[in-house]
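What follows is a single structure, written as C-alpha cells, with notes after it.
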Amino acid sequence: MNNIVQSVERALQLIEIVAKNHNGLSIKEISDHLDLPKSTVHRLLATLLQKKYIRQDARTKDYFAGYQILSLAGELSRSMDVRQVARPFIEKLSAVTNEVIHLCIRDHHEVVYIDKVESNQTITMHSRIGMRSMLHCTGVGKILLTTVDDLTISNLLQKAGMPSFTTNTIVTIPDFLQEMKKVRKNHYALDDIEHEEGIRCIASGIYNHHGEVIAAISISGPDTRITEERIEQTLKSDIIRAAKEISNQFGYYI
C-alpha cells in the first residue's frame with residue numbers, strides 16, 4: 001500500500017534538487033526539474049521559505065538550500081556522534097557501578113534519552129531509548145541547563161510547566177534557579193526522588209570544546225541502592241570522572 005503524501009514528497013524532492021545545485025535555481029528551472037506547474041512550485045517554495053528550508057537571493061531571485069537544513073544536520077550529527085563516542089565510557093561506568101546508565105540530550109524543553117546501558121540488578125529501570133522527560137524533575141534535565149542563562153531557563157519552564165510528580169519535585173522557578181546554582185558549582189545534579197517514587201539519579205554533563213553542554217549521563221536506580229551515602233562515597237566521583245573523559249573526546253578540559 002502506498003502511504004506517500006504527495007505534497008510532502010514534492011517538497012522533499014524540491015529541497016533535494018535545490019541543495020544539489022550550489023549555484024541556485026530559478027523557479028522555472030525547479031519547475032522543469034520536478035515537472036510541475038510553476039504555480040505549484042511557487043506554493044511549495046512559499047512554505048519552505050517561511051520555514052527556512054529554502055532561501056532566495058535578493059538580487060538574482062534564485063533559490064538555494066536554507067540554513068534550517070544545516071541546523072537539522074548539525075543536530076543529527078551531534079546526537080549520533082555523542083552516542084558513538086560516549087558508548088564505551090558509559091558501558092565502563094555501568095560495569096563499575098552495576099547500575100543503569102543513561103545518555104541524554106535536550107530537545108527544547110524536554111530531555112530525550114538517546115542511549116542506555118542496563119545493569120545486572122534484579123530491580124532495574126523501565127526507561128527506554130527515545131523516551132522523553134521533563135527538565136525540572138530529572139538530574140539529566142538540570143545538567144542540560146547548566147550553560148543556559150537563567151532568563152532562558154525561566155522561559156523554558158514557564159512554557160513546559162513544572163508539575164509535581166513526588167513530594168520532592170521542585171515546582172517553582174525561583175527554587176529551581178537556586179538548585180541550578182548548586183548544580184553548576186558541584187558539576188553534578190541529583191534527581192532526589194523528584195520524578196518517580198523510590199528512584200534516585202545522579203547526573204553530570206558532557207561539554208564540547210566551546211564549553212557548551214551537549215549531553216548528560218546519569219546513574220539511576222532504586223533509592224535503596226542509590227543512597228546518599230553511596231553518592232558521596234563513590235557515585236559522585238564516578239559520574240564526574242566518566243563525564244570528563246567523554247568531554248575530553250570533544251576537546252573540553254577542566
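Quick note: the coordinates plus some simple rules give every number you see, no bench work behind them. The model shown is predicted, which means the values in this text are computed figures rather than measured ones. Cβ sites come from the backbone with ideal geometry, for glycine too, and all protein chains shown count toward neighbours.
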Under 29 Å from the Cα of K38, which lysines turn up, not counting those fewer than eight places away in the same chain?
K20, K28, K51, K52, K61
Highest first, please rank the peptides 7-16, 210-219 by the mean number of other Cβ atoms sitting within 10 Å of their residues.
210-219, 7-16
In whole angstrom, how far apart do the alpha carbon centroids of the stretch 33-55 and the stretch 106-160 sit?
37 Å
Rounded to whole angstroms and listed largest first, the alpha-carbon spread of the stretch 73-249 along its three principal axes comes to 39, 39, 29
Give the angle, between 0 and 90 degrees and rounded to the nearest 10, that separates the Cα long axis of helix 236-249 from the longest principal axis of the Cα atoms of the chain.
30 degrees
Round to the nearest 10 and give me the degree value, 0 to 90, for the angle of helix 6-20's Cα axis relative to the longest principal axis of the chain.
90 degrees
In terms of Cα to Cα distance under 21 Å, which lysines are near enough to K159, apart from those fewer than 8 places away along the same chain?
K142
Projecting the Cα atoms of I101, Q68, L25 onto the charge dipole of the chain, where Lys and Arg contribute +1 and Asp and Glu -1 at Cβ, the residue farthest towards the positive end is L25
On a full-extension model of 0.36 nm per residue, what is the gain between H108 and Q13, subtracting their alpha-carbon distance, rounded to one decimal in nm?
31.4 nm
For H22 and E232, extending 7 Å from Cα along the Cα-Cβ vector and measuring point to point gives, in nm, a value of 6.0 nm
